[in-house]
Every structure is written in C-alpha cells, then in structure tokens.
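> One structure follows; several queries about it will come next.
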Amino acid sequence: MKTPDIIFFVLLSATIVMFLIAARNKQHFSSTIIAYLVLVLATSVLAVYLRKIGVRNNLFLFHIYTPIAYTILSLLYLNAITSALLKKIITASIPFFILLSIVFSAFVQKPHESNSYSNVVMSLLILTWSLFYLREVLLLQRVTHLQRFPMFWICVGILFCFTGNLFTVGMLNYLIKYSMEMARQAYGLTYIFKYLALILLMIGAWCQLAFKE
C-alpha cells in the first residue's frame, strides 16, 4: 500500500472514531456521517483487497458505492434543511439518482469502466444541497457561533470532497484515453481533497464534543 493510501486510511479511521465518541450527544447527523464514513472505509478496503488477490479491475465496486453514498448524504441534508420544498426535491432525487446510476452502469459506462458520469451527477447534486444548506444557515442565522457549529464544518468538508471529486474523478475516463500520465496526476489530486475533507469532518466531530449550540 502506498503512503498516500496509508495516510488516507489513518485519517478516515480517526474520523470514524471521533464521530463514534461524539455520537453520545445524539445529534441527528452523527449516525448518518458514521454510516457514510464506514461505507467509504469498507469500499476502500475491499478495493485494496481485490487488488492484492489479483483482481485487476475493481471498478464495479464504485458502481455499487455511488448510489448508496448519494442516498446517505441526501438523508443527511434531508434532516438538516428546513425548507419544505427543498426537502421534497432531495427526497425525489434519491430514487431518480439510483435509477440513473443503474441506467449508466447498464448501458453507458459498464461495471468494468470508471463510472465518471454518475460521479459528476452525484457531485453536482451534493454540492447543490451543501450550498443551499449553508445559505439557509447564514440567512436564517440559526447559530450564534458558526465556528462552533458541527454541521458547518461537516458541510464544508463535504464541499471540499465533492469539488475535488467533480474536477478529478469526473475527468478520469477522458484523461485515461488521451494521457495515462495526466490521469495519474489527476487521481493524485483527489488525495488532497480527501485529506482536507476528513480534517474538516474531524473538526466537526470535535465541535460536537466541545460545544453545545
């Protein structure tokens, strides 16, 4: 396992532990974030394991991961956002995205290919929900100290993660066809966004433990 992967697994494991500890405060977002992080960990470990035992193509895992991850994160914002209209839109988007992912995997980008189209759609949707949530928090002034508000840091972490996902993973299939070296460099950039996202999530978990809004 390469050093960037080791760092990622250490940060991911530390983030899960921090949220497990913080979950005793029984905030609505704790269990959702834990479910998402465990999904990321399980998918990543299984991908590494398949490579170790000689399975050369593990991309099918991410065709399974993407709709599940979108569902979990949508539920996070469904519980956090107060707008009734936006709640209905997010609720409707879940079966829509699952169906879209199945169609993409069956007819457009098969399980042996990177599911970049699904990733782009998921990233755009999650970024949209994140920005709407931040707008809602700022306009409605629901918290007195934004820097102490756990969901603020969680939301910013998700923004970092899916901004990186949009501009790197979304281009991988294109780059692989024209330049494998550029594809490797683009994939390497995803680690920076992942590290930043996990650090911000850990700050969110720490705020949950340290402060009460």
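The values are calculated or read from the model by the stated rules, or taken from the named source; none is laboratory data. Here the structure is a predicted model, which is why all the values come from computation and not from measurement. Positions of Cβ are backbone-derived with ideal geometry, glycine not excepted, and every protein chain shown enters the neighbour counts. These accessible areas exclude ligands, DNA and RNA; they are computed on the full protein's heavy atoms, side chains included. Shrake-Rupley method; radii C 1.70, N 1.55, O 1.52, S 1.80 Å.
> Leaving out ligands and nucleic acids, and using a 1.4 Å probe, what accessible area per residue does the chain come to in Å²?
54
> Place the peptides 60-71, 97-108, 196-207 in order of packing, highest mean first, counting for every residue the other Cβ atoms within 10 Å and averaging per peptide.
Descending mean neighbour count gives 196-207, 60-71, 97-108.
> Follow-up question, since we're still on this one. Just give me a number: lysine pairs in region 3-210, eight or more positions apart or cross-chain, with C-alpha atoms less than 29 Å apart.
Close lysine pairs under the 29 Å cut-off: 10.
> Quick one: net charge around W129, please, counting Lys, Arg +1 and Asp, Glu -1 for every other residue with C-beta under 14 Å from its C-beta.
Result for the local shell: +2.
> Summing Lys, Arg as +1 and Asp, Glu as -1, what charge do residues with Cβ under 14 Å from the Cβ of L12 carry, L12 excluded?
0
> Let me ask you something else. In region 3-210, carbon and sulfur make up what percent of the accessible area (probe 1.4 Å)?
Exposed carbon and sulfur together represent 71 percent of the surface.
> To the nearest 500 deg cm²/dmol, what mean residue ellipticity at 222 nm is calculated for the chain from DSSP H runs of n ≥ 4 alone, each contributing -39,500 (n - 2.57), summed and divided by the residues?
Here the helix-only value at 222 nm equals -27000 deg cm²/dmol.
> Now, a different point. Once you wrap a convex hull around the alpha carbon atoms of region 1-126, what is its projected area averaged over all directions, in nm²?
In nm², the orientation-averaged hull projection of region 1-126 is 8.7.
> Taking the Cα atoms of the chain, what is the range of coordinates along each of the three principal axes, in descending order and whole Å?
Result, largest extent first: 50, 38, 26 Å.
> Here is a further query. In nanometres, what is the gap between the two model label sites at T128 and R148, each 7 Å from Cα along Cα-to-Cβ?
The modelled label-to-label distance comes out at 3.5 nm.
> Would you be so kind as to identify all helices of the chain, as entire DSSP H runs, whose Cα atoms reach 27 Å or more along the helix's own axis and whose mean Kyte-Doolittle hydropathy is at least 0.5?
3-22, 28-52, 60-80, 84-103, 116-140, 180-210
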